[in-house]
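To keep things clear, I will list the structure first and then write my remarks on it.
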Amino acid sequence: MSTRISASLVVNENAEIACMACGHALGPSGESWKEAACFSETTLKGAGGKPYSNAANVLLRRFYCPGCAALLDSETALAGDPFLNDVVQI
Amino acid sequence: MDPITFSIIRHRLYRVIDEAVITLKHVSGSAITNEGHDLMVSLYRADGSLLMGGVGFLHHLTSAAEACKAIIRRFEGRINPGDVFLTNCPYTAALHTSDVYLVSPIHYEGELVAWSACFVHVYDIGAMVPGGFSPDSRDIFTEGFSSPGLKLVDRGEMNADIMDTLLNMVRAPEMVALDLSSMIAANNVARERMVALVDKYDPKRVDQACQMLVDQSEQNFRDRLRELPDGRWESRQYFDIEKETYRVLLAMTKKSDTLTFDFTGSSPQSKYGINCAYWAAWGGFFAPLFPLLCYDITWNDGVLRPISMIAPEGTIVNCTRPAPISLATVGAIQSVNNAACICISKMLSASEKYAKEATAVWHGSHFAIFMFGQNQKGQEAIGIMTETFGGAGGGRSFADGVDVGGEIPNPIGRMANVETTESHFPVRYLFRRATRDSGGPGKYRGGTALEYAIQQHDSPDGGINYVVSGKGTKFSMSDGLGGGFPGAPCNFRWVHNNEAVEAGKNVNPFAMSPEQMTGEQESISWGVFPLMDQDVLYVRSDGGGGYGDPLMREPEKIARDVREGNVSQGVGREVYGVVLDAEGGVDAAASTAARDAIRVGRLSQEAAE
């Protein structure tokens with residue numbers, strides 16, 4: 001029995017945060033999971049089509065499931081700013 | 001009280017507001033009110049607390065409560081039937097000086113039973129720049145008339161000296177007088193209808209019903225919060241003014257039946273007027289909270305009770321006087337709207353029951369253009385390009401964002417048609433349309449942004465001036481959700497066709513895109529600029545945030561997007577992994593291969609640690 005904690009993540013029966021799509025575990029519930037994800041950080045400028053071309057130095061961070069490559073979350077950031085950290089109590 | 005009577009009274013309160021809004025619109029003569037619906041009417045209890053929130057910009061519902069309370073404190077013992085009070089001081093309750101609150105006590109047989117309050121963004125307020133947005137102001141003293149409270153109407157009689165003083169300090173006083181008249185009329189109608197309601201049902205029963213309504217909202221909202229998981233969610237907004245970058249940081253904590261919004265870490269207050277004061281930040285997160293969490297709960301003081309806010313003094317979300325504040329509504333307040341939308345939506349996403357209510361950010365950045373100058377009729381024309389109310393919808397858990405779909409903080413916002421604008425300002429549109437590839441990619445993509453270009457036309461002065469108060473040109477402010485990408489940033493360009501003509505180049509008077517324009521294109525985002533002769537102003541709003549993984553979008557939807565001009569084939573292939581054949585249909589095999597290749601690329605990335 002798993003419990004949903006975001007649009008893409010669940011907490012599984014072992015109290016681990018896991019990918020909703022494939023069940024790949026990403027770490028203990030209540031802690032940050034992003035460090036365990038595959039991670040890409042590119043300029044937002046190149047993330048979409050032409051209308052994104054004037055996005056200056058902002059970065060688009062994407063966090064992927066190491067098990068199935070599902071995109072679990074994304075966020076924009078300036079270089080050096082910490083990951084956004086969401087914690088759901090189960 | 002029997003539930004039928006309670007329900008009748010509750011619905012009568014709704015209708016009181018509806019009728020007051022209709023009255024306000026009938027009397028007002030400005031496009032920002034009638035077309036943009038930059039307005040609000042609500043009802044308040046005798047102590048000034050919110051009784052029934054109306055429509056319009058929702059961050060005003062709570063701020064107007066503070067306006068009522070400030071008036072109660074200031075005029076204690078001098079509040080009489082037929083009075084109308086005015087306040088527009090941002091350090092008292094208002095959001096910025098242009099949003100003038102008129103609040104009226106409602107008496108029944110001599111007893112104060114309620115208040116009605118409304119606002120419009122008045123035609124002018126006497127700031128450095130016509131229209132009220134004042135990018136060159138460095139303190140509130142140059143942002144126009146500002147009052148912490150005055151009695152505009154005394155027992156039904158206009159205080160002419162006050163009205164004349166106010167009108168003496170603004171441009172186009174006849175239009176400002178009409179704005180104020182529209183609000184007086186709205187409050188009059190609200191008062192008459194409330195008195196009729198009290199008269200029919202008895203003051204004690206109405207008071208009892210109102211108390212029950214507030215208690216019911218509190219109970220229902222606390223029940224809803226208890227259904228949602230406890231946790232802490234973060235969001236972050238960047239925005240740029242000139243060469244400076246600001247952050248609004250939000251950590252929202254939900255514990256049992258309470259919510260705390262903590263803005264600790266947000267940037268220090270700015271020298272530019274994009275700051276907001278305490279009550280504006282407070283109202284700022286209620287704007288998404290009311291529709292996202294309380295869509296079936298009456299918006300009143302009961303909803304406020306489980307909420308607390310931490311907004312450190314001296315920051316961009318709680319600036320101290322005399323910091324400039326004239327652009328708060330399109331500055332820090334909107335970032336508070338956006339940040340709260342994401343935190344609330346993340347919380348909703350953590351619930352099986354409520355996940356469907358989650359949404360990426362709608363219309364993260366107002367692309368406000370205020371025009372001013374003589375129009376083709378010889379009139380002084382001041383006003384906003386109402387396209388700023390036509391932002392792009394955010395992707396939701398079940399559907400794409402609405403293209404050019406408006407914004408959450410104002411459920412009734414809309415923009416004027418081209419002809420209305422051309423009849424008021426000496427301009428002609430070269431084009432106005434949705435923008436391809438502007439919606440944030442996702443399983444459900446963000447709504448497409450708006451783009452338009454205008455040129456002066458038939459101006460007695462050879463053109464007109466405009467104020468650009470654009471943030472979001474370097475940063476996307478419409479964040480995605482659940483992996484969805486943010487929408488594309490805004491863009492403002494001054495196309496120097498006049499220089500092109502002087503250089504002997506041909507200028508295309510019917511250019512249908514920036515690429516077809518001859519003159520040099522200068523990116524602008526902040527300040528006052530001329531629109532003269534053959535120069536062009538090009539404006540593009542930000543796209544809505546996307547929801548979910550773009551690789552999960554049904555390929556047929558990409559084919560449709562490409563067919564309808566919302567997504568290019570290149571983005572369809574590179575971002576969504578959907579390849580189309582020569583006829584525009586989905587090439588299933590090629591698409592599978594493209595998506596597989598993207599997934600391999602994803603898995604080749606290192607872990608973040």
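Just a few scattered comments:
- Debye intensity ratio I(q)/I(0), log10, segment B:357-402, q values 0.14, 0.15, 0.20, 0.21 Å⁻¹ (C-alpha model): -0.50, -0.53, -0.69, -0.72
- Computed over the Cα atoms of segment B:359-548, pair by distinct pair, the Kirkwood hydrodynamic radius stands at 16.6 angstrom.
- Across A:Lys50/B:Lys254; B:Lys474/B:Lys557; B:Lys69/B:Lys353; B:Lys271/B:Lys377, pairs whose alpha-carbon gap is larger than 32 Å: A:Lys50/B:Lys254; B:Lys69/B:Lys353; B:Lys271/B:Lys377
- Ignoring aspartates and glutamates fewer than eight residues from B:Lys505 along the same chain, the ones with Cα atoms less than 18 angstrom from its Cα are B:Glu515, B:Glu520, B:Glu522, B:Asp533, B:Asp535.
- For segment A:1-49, the relative contact order comes to 20 percent (Cα pairs under 8 Å, sequence separation of at least 6).
- For segment B:1-116, the alpha-carbon coordinates run over 42, 34, 23 Å along the three principal axes, in decreasing order.
- Exposure proxy for B:Glu606, B:Glu380, B:Glu234: other Cβ atoms within 10 Å of each Cβ, ordered fewest to most, give B:Glu606, B:Glu380, B:Glu234.
- Across all Cα pairs in segment B:69-201, the calculated P(r) in 5 Å bins from zero up to the longest distance comes to 2, 11, 20, 23, 18, 12, 7, 4, 2, 1, 0 percent per bin.
- Each 5 Å bin from zero up to the one holding the largest Cα-Cα distance in segment A:3-77 carries the following percent of pairs: 3, 17, 24, 19, 13, 11, 8, 4, 1, 0.
- Segment B:306-380 - Debye-derived log10 I(q)/I(0), Cα point model, q = 0.13, 0.17, 0.20, 0.23 Å⁻¹: -0.62, -0.84, -0.97, -1.09
- In chain B the Cα-Cα distances spread across 20 Å bins starting at 0 as 20, 52, 25, 3, 0 percent of all pairs.
- Expressed as a whole percent, the proportion of Cα-Cα pairs in segment B:457-609 lying more than 21 Å apart is 62%.
- More than 16 Å apart - percent of Cα-Cα pairs taken over segment B:505-588: 65 percent
- Contact order for chain B, expressed relative to its length and based on alpha carbon pairs under 8 Å spaced 6+ residues apart, stands at 12 percent.
- The Rg/Rh ratio for segment B:483-533 is 1.10, where Rg is the radius of gyration of the alpha carbons and Rh is the Kirkwood radius.
- Evaluated at q = 0.06, 0.07 Å⁻¹, the base-10 log of the normalised Debye intensity for the protein assembly as shown, with identical point scatterers placed on the Cα atoms, takes the values -0.34, -0.47.
- The Cys residues in the protein assembly as shown with no partner Cys Cβ within less than 4.7 Å of their Cβ are A:Cys38, B:Cys68, B:Cys89, B:Cys118, B:Cys210, B:Cys276, B:Cys294, B:Cys319, B:Cys341, B:Cys343, B:Cys490.
- Max mean-square fluctuation residue, GNM over chain A, Cα-Cα springs under 10 Å, options A:Ser74, A:Ser40, A:Ser53: A:Ser53
- Relative contact order for segment B:3-219, counting Cα pairs under 8 Å that sit 6 or more residues apart, in percent: 25 percent
- With kT/(6 pi eta Rh) evaluated at 4 °C and eta = 1.567 mPa s, and Rh the Kirkwood radius from Cα pairs, segment B:550-603 diffuses with a coefficient of 120 µm²/s according to Stokes-Einstein.
Throughout, read-outs are computed from the coordinates displayed, never taken from laboratory work. If you're wondering where the values come from, they're calculated on a predicted model, not measured in any experiment. In this analysis, Cβ positions are derived from the backbone assuming ideal geometry, glycine residues included, and neighbour counts consider all displayed protein chains.
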